[in-house]
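Some notes on the structure that comes next.
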Amino acid sequence: MEVYDINSNQITNAAFLGTVGLDWQFSGVGNFSRMPGETDLMMRNTNTGGLEVYDIANNQITGAAFLGTIGLDWRFAGIAPAHAPGASDLVLRNVNSGAFEAYDIANNQITGAAALGSVGDWQLGGFAVDPPTGSMGSSDSSTSQLVQAMAGFGGGSGAADGLNTAPLGAETSQQPSLTTPQHA
């Protein structure tokens, strides 16, 4: 494994971290130890489902922790702040059911797990990062509306309840715009 420091789109330094077996696969980076200034690497064993976290500081591995094993039908979906703002939690997806599961990680340990539901045949595009200021990013609240609309996707099909869609190239001037959901 090698780490590359990048600044202004240029490699400024490279450091060799060590060697791991070919049966260990990259599963993301985050701050799983909660140590300030540290970025940790998570790897998963493709044969056993074992999870290992490598603590990295100043381009060196400073520690490692085995988190346990998770069934091979669960695949990496992403690292997201699932249990708290700024947290680095592992999100896996079941290849058979489409279900998502979030694993809360703190101090290099799994501290909890939560089922997030499933979205059917939809593919994951990514996770949104916590906004640094608490706002949703744009002054006109359109991002907020989009996030709320996406959060409203329900049911097992992955389709939104009551969503009006138009085929590509169709006249859209009569299509409704996203608006802030009204709750009773």
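The values are calculated or read from the model by the stated rules, or taken from the named source; none is laboratory data. In this text, all values refer to a predicted model and were calculated from it rather than measured experimentally. Neighbour counts are summed over all protein chains in view; Cβ atoms, including those assigned to glycine, are modelled from backbone coordinates with ideal geometry. Quick note on the areas: whole protein, heavy atoms, side chains included, nothing else; ligands and nucleic acids left out. Shrake-Rupley method; radii C 1.70, N 1.55, O 1.52, S 1.80 Å.
Tabulated data for the structure shown
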| quantity | calculated |
| --- | --- |
| The range 7-20 - residue that is under 19 Å from Asp55 (Cα atoms) and of a type in the set (Val, Ile, Thr) and, of those, surrounded by the fewest Cβ atoms within 10 Å (Cβ to Cβ) | Thr19 |
| Top-ranked residue of the range 5-46 - restricted to ones that are touching an Asp or Glu at 6+ places or on another chain (Cβ under 9 Å) and among the charged types (D, E, K, R), ranked as farthest from Gly71 (Cα to Cα) | Glu38 |
| Number of the exception - Glu38 against (1) acidic (Asp, Glu); (2) open to solvent by 30 Å² or more (accessible area, probe 1.4 Å); (3) at pLDDT below 90 | (2) |
| Pair list, Cβ under 9 Å, 6 or more apart: the range 1-23 residue among the aromatic types (Phe, Trp, Tyr), other residue assigned to a strand (DSSP E or B) and open to solvent by less than 100 Å² (accessible area, probe 1.4 Å) | Tyr4/Thr12; Tyr4/Asn13; Tyr4/Ala14; Tyr4/Ala15; Phe16/Glu2; Phe16/Val3 |
